[in-house]
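Asker: Below you'll find the structure I mean.
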Amino acid sequence: MERIKKITDLKKNYFENKTTSPESKVASRVKVVICLILYFTAIVLELRLSATTSIAGVVAQLQVMVSVYLVVAVRDKGYQIAVAINILVALIVAFIVVIGAGNLSAIPGVIVPICTIITISIITFYEKGFESKLVEATEQKKELSNLYDELASTEKKILQQNVKLKELNRKMKQREVRLNYLAFTDVLTGLPNREMLINKLDSLVERSPEQHQHFAVVFIDLDNYKKINDYKGHYIGDLLMKAIADRIKKIVFQQDMLGRLGGDEFTLIIQRDLSETEIFAYVEKIRTALLETFVIENMDLHISASFGVARYPQDGINAVELLNYSDIAMYKAKEFGKNRVQFINERV
């Protein structure tokens, strides 16, 4: 029903636009006037020449032509005018010529207008059917055009949404990376934090039986760092902490992992299978490097560190034991005067 209403409205608008134009009205009136003149001329000729059959036939043909022209050329009222005139012609010929004058040879003059009415009715019917199909086709084309525009608009919106989703996805991945970084990284030094160190130890312990792997855990505690932090302030203390981490990182092998447990405590996981002597030389190099002067904000600062070492599997068989024993060894180093390397199994 809605579609039929649309077509009807379109036809109505089409004809209204066609008839409201000043030029169309003038042209239609001129055509109607010309056709009426021709009609009345034909009627006069037919009445005067009704005795001459051949002439009457020519006049009748003229009437048919004028009627068809009215229907085709004057779309607004052409059909109604043509029907009215043909009825008028049929009545005039019938009553004046055939009945009044008794001229039976003029009967075709009555039949022809009636046939003309039938003919122009058929023409009008098919013309309206054609116009309706044309309007329907135009409406369908318009609907298809609107549908295409809607599809194009929808496609554009989808593309824009895809761009937004990709951007959102990218930001979410960045946040995920950032959260992952914060979850497993010490913010101050950029080193792995306690969580990552423990995960790494668990991983090494888990695959150690298959690979017959040996490794060591070194607990590092800075000596008298709290005094520097208290006397110089946390800002200087943080800068010193970063400088210490950077100096140790330069010595640590790429295969090993250096992390910060928190405060002034670090842990070094030596993933290579080294002997006790090699481990001592490696850690001793770090210890002596820390004794060199740190220049922080134009101030010379000095620090030392105590080191405790536990080896896998000799001293512990899991992450908790290894961290605990390396911590105990570090405290032994503190007891023996600080600034030294102490193995858990070493007796001094």
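Asker: Find how much the distance from ILE37 to ILE87 grows on full extension, using 0.36 nm per residue of separation minus their present alpha carbon separation; answer in nm with one decimal. It would help to have the intermediate numbers written out before the result.
Answerer: Numbers: separation 50, 0.36 × 50 = 18.00 nm, distance 1.63 nm.
Full extension of this stretch gives 16.4 nm more.
Asker: Using a 1.4 Å probe, what is the accessible area per residue for the stretch 154-244, in Å²?
Answerer: Working: 6160 Å² over 91 residues.
Solvent-accessible surface per residue comes out at 68 Å².
Asker: Let me ask something additional. If DNA, RNA and ligands are ignored and the probe is 1.4 Å, what is the ranking of TYR79, TYR282, TYR148 by accessible area, most exposed first?
Answerer: My answer, sorted largest first, is TYR148, TYR79, TYR282.
Asker: Follow-up question, since we're still on this one. Mind grabbing the accessible area of HIS302 for me, 1.4 Å probe, Å², rounded to tens?
Answerer: 120 Å²
Asker: When ranked by the protection proxy of mean other Cβ atoms within 10 Å per residue, highest first, what sequence do the peptides 163-170, 271-278, 85-92 form?
Answerer: Top to bottom by mean Cβ count within 10 Å: 85-92, 271-278, 163-170.
Asker: Another question, if that's okay. Can you give me the solvent accessible area of MET65 with a 1.4 Å probe, rounded to the nearest 10 Å²?
Answerer: Surface open to solvent at MET65 totals about 130 Å².
Asker: Taking square-rooted eigenvalues a ≥ b ≥ c of the alpha carbon gyration tensor, is the stretch 260-304 rounded, prolate or oblate, where a/c under 1.5 means rounded and, failing that, a/b exceeding b/c means prolate? Could the numbers behind the result be given before it?
Answerer: Working: a/c = 3.87, a/b = 1.84, b/c = 2.10.
Judged from the Cα gyration tensor, the stretch 260-304 comes out oblate (a/c at least 1.5, b/c at or above a/b).
Asker: Which value, in Å² rounded to 10, gives the accessible area of VAL33 with a 1.4 Å probe and all protein chains present?
Answerer: Near enough 80 Å² of accessible area.
Asker: Same structure, new question: Per 0.36 nm of contour for each residue apart, how much would the distance between LYS173 and LEU291 grow if the chain were fully extended, relative to their Cα-Cα spacing?
Answerer: Computed gain between LYS173 and LEU291 is 38.3 nm.
The values are calculated or read from the model by the stated rules, or taken from the named source; none is laboratory data. In this text the structure is predicted, and so the values were computed from the model without any measurement. Here the Cβ is made from the backbone with ideal geometry for all residues, glycine too, and neighbour counts use every protein chain on show. To get the accessible areas, we keep the full protein, side chains included, count just its heavy atoms, and leave off ligands, DNA and RNA. Shrake-Rupley method; radii C 1.70, N 1.55, O 1.52, S 1.80 Å.
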